[in-house]
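Read the structure below first, then the notes.
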Amino acid sequence: MYLSPRKKLFVDTASEMFGIGSTISKQNVREAAEKAGVPFPTWFMKPEFKAHYGAYTLPGGTPVAPVAATSTESLNTTVNLVASSEIENLVPTKFEGFVEWGHFSTLTKIIKSGLFYPVFITGLSGNGKTLMVEQIHAKFNKELIRVNITIETDEDDLLGGFRLVNGETKFMPGPVIEAMERGCTLLLDECDLGSNKLLCLQPVLEGKGVYLKKINKWVTPKDGFNVIATANTKGKGSDDGRFIGTNILNEAFLERFAVTMEQPYASAAVEKKIVLGSMKKYGAVDEEFATNLVTWAEVIRKTFFDGGVDEVISTRRLDHIVKAFAIFGDKMQSIELCVARFDEDTKASFLDLYTKIDAGVINSEGEEGFNNPMTSKDLEENAF
């Protein structure tokens, strides 16, 4: 087919944007013309280029016949309504100062195996569950799609639904489909906040394909696809009420996760490395402060697990304090700002405890300080 230079410029531009021989909409035609710097190509609206109502086929491919009322042609038409993904790289960013600990090596083996093996990771808030998953993928340059689950999350959010794209209604694949087609890991973060609407993932959690009934399409996962879920509970709800909004997940859903990893808070030695890593990242290294913070957090956690206080200092909260210290340069101000989220009595007892640790009243070297009766007693009395 002979094309004038101007027509050829339009076709080349549109083919570069949408693919040679692609079926495109009138809006796509307008976009390609604008990018090519040519007038709207009315010549392209002629019957020889028309695929069906409102859609046109670029030269260079097999034209699409006008739509008839048959199931096969209906499927082809629907596929043309699927919006393409514009995501290029989904490998997480490496976190400077990250410390490998806990289930890092175990989860690494699962990811490196390439096998489909769903993992459920549970543990208290702020102990590094999500960060661990992200950093494993960053280390091995593997793509990860993170989806934050809420009570409102449904099939449309996960598998996909129709969206308005450039003035047209198109099916936009959801993050689950994106992960399956890319052969990457799907991270269901805060999974226990979800509802029974998550049951749409049952075939996905079996490593099988999933049927997209909205567009009559079957999607099969590529090699390397896997699912990891993180949660503060084991999917049985929060007995103590700390994690309001967590739900009891369907047993059939939970049963499809091959293994459950229970993540505690890091040991004092490991946590000190984590805190020092954060200090290096933020440019505020103070080893004595790091030691005191870790001791302080350990004492509070011990008292929490003994039932003496209702709040706990997480590793994430220590990172917040370190960042505040890098900003303000004042240790007590940094701690006070970062514990202000607690009620007044708890805040006062936490600040008082740190003051005693900083003054050397409580041993900052290790477990001797944690077992000091004065520590837990003082903290409990101040908290109540």
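Of all the residues in the stretch 279-290, those that are at negative phi, touching a helix residue (DSSP H, G or I) at 6+ places or on another chain (Cβ under 8 Å) and surrounded by fewer than 18 Cβ atoms within 10 Å (Cβ to Cβ) number 4. The number of residues in the stretch 19-51 that are under 22 Å from Lys170 (Cα atoms), of a type outside the set (S, T, N, Q), modelled with pLDDT of 85 or more and crowded, with 16+ Cβ neighbours inside 10 Å comes to 5.
In the stretch 195-213, how many are more than 26 Å from Lys112 (Cα to Cα) and among the aliphatic types (A, V, I, L, M)? Don't jump to the end; show me each part of the working.
Kept after step one, since they are more than 26 Å from Lys112 (Cα to Cα), are these residues of the stretch 195-213: 195-200, 211-213.
Restricting the remaining residues to those that are among the aliphatic types (A, V, I, L, M) gives 198-199, 212.
Of the residues in that region, 3 qualify.
When the criteria are applied in full, Ala297 fails the requirement of being outside the structural domain of Ala229 (by TED's automatic domain parsing), more than 27 Å from Glu190 (Cα to Cα) and surrounded by 21 or more Cβ atoms within 10 Å (Cβ to Cβ). Determine the pairs where a residue that is in the same structural domain as Asp310 (by TED's automatic domain parsing) and over 12 Å from Val299 (Cα atoms), located within the stretch 345-356, has a partner that is among the β-branched types (Val, Ile, Thr) and at pLDDT 95 or above with Cβ atoms under 6 Å apart, the partner being 6 or more residues away or on another chain. Every condition considered, the pairs that remain are Lys347/Val339. Could we say that Thr150 is in contact with a helix residue (DSSP H, G or I) (Cβ under 9 Å, 6 or more places away or on another chain), crowded, with 18+ Cβ neighbours inside 10 Å and of a type in the set (Ser, Thr, Tyr) here? It is false that Thr150 is in contact with a helix residue (DSSP H, G or I) (Cβ under 9 Å, 6 or more places away or on another chain), crowded, with 18+ Cβ neighbours inside 10 Å and of a type in the set (Ser, Thr, Tyr).
Summed over the stretch 330-342, the residues that are over 18 Å from Val299 (Cα atoms) and touching a residue at least 24 places away in the same chain (Cβ under 8 Å) give a count of 1.
Within the bounds of the stretch 144-152, is there any residue that is among the basic types (Lys, Arg) and modelled with pLDDT of 95 or more? So far as the stretch 144-152 goes, yes, one or more of its residues are among the basic types (Lys, Arg) and modelled with pLDDT of 95 or more.
Which one is farthest from Ile274 (Cα to Cα) among residues in the stretch 82-138 that are of a type in the set (Lys, Arg) and modelled with pLDDT of 95 or more? Break it down stepwise before answering.
Here is the first cut: in the stretch 82-138, the residues of a type in the set (Lys, Arg) are 94, 109, 112, 129.
This time we only want the ones that are modelled with pLDDT of 95 or more, so: 109, 112, 129.
Details: Lys109: 23, Lys112: 25, Lys129: 14 Å.
Only one residue tops the list, namely Lys112.
Residues in the stretch 87-106 that are without any contact (Cβ under 8 Å) to a residue 12 or more places away in the chain and among the hydroxyl-bearing types (Ser, Thr, Tyr): Ser105 alone.
Listed here are the residues, each with its yes/no results for (1) closer than 18 Å to Tyr117 by Cα; (2) touching a residue at least 12 places away in the same chain (Cβ under 8 Å); (3) within 17 Å of the chain's Cα centre (by Cα).
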residue	(1), (2), (3)
Leu159	no, yes, yes
Arg163	no, yes, no
Asn166	no, yes, no
Gly174	no, yes, yes
Ala179	yes, yes, yes
Arg182	yes, yes, yes
Leu188	yes, yes, yes
Leu193	no, yes, yes
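Of the listed requirements (1) buried (at least 17 other Cβ atoms within 10 Å of the Cβ); (2) at pLDDT 95 or above, Ser376 misses just one: (2).
Applying the selection to the stretch 275-320, what residues are charged (D, E, K, R) and free of Cβ contacts under 8 Å to residues at least 12 places away in the same chain?
Restricting attention to the stretch 275-320, the residues satisfying the condition of being charged (D, E, K, R) are 280-281, 286-288, 298, 301-302, 306, 310-311, 316-317, 319.
Selection gives Glu287, Glu288.
The residues of the stretch 341-353 that are over 12 Å from Val312 (Cα atoms) and under 34 Å from the mean Cα position of the chain (by Cα), listed by number, are Asp343, Glu344, Leu351.
For Ala258, the conditions (1) touching a helix residue (DSSP H, G or I) at 6+ places or on another chain (Cβ under 7 Å); (2) aliphatic (A, V, I, L, M); (3) over 24 Å from Ala340 (Cα atoms) are fulfilled apart from (1).
Residues of the stretch 292-317 that are of a type in the set (Phe, Trp, Tyr) and touching a helix residue (DSSP H, G or I) at 6+ places or on another chain (Cβ under 6 Å): Trp296 alone.
Scan the stretch 300-320 for residues that are modelled with pLDDT under 95, buried (at least 21 other Cβ atoms within 10 Å of the Cβ) and part of a helix (DSSP H, G or I) and the total you get is 1. Would you say Phe140 is within 19 Å of Pro92 (Cα to Cα), assigned by TED's automatic domain parsing to the domain that holds Val219, surrounded by fewer than 17 Cβ atoms within 10 Å (Cβ to Cβ) and touching a Ser or Thr at 6+ places or on another chain (Cβ under 9 Å)? Answer is yes for this residue.
Under the condition of being surrounded by 16 or more Cβ atoms within 10 Å (Cβ to Cβ) and touching a strand residue (DSSP E or B) at 6+ places or on another chain (Cβ under 7 Å), the residues counted in the stretch 259-278 number 2.
The values are calculated or read from the model by the stated rules, or taken from the named source; none is laboratory data. Being a predicted model, the structure only gives us computed values, none of them experimental. Cβ sites come from the backbone with ideal geometry, for glycine too, and all protein chains shown count toward neighbours.
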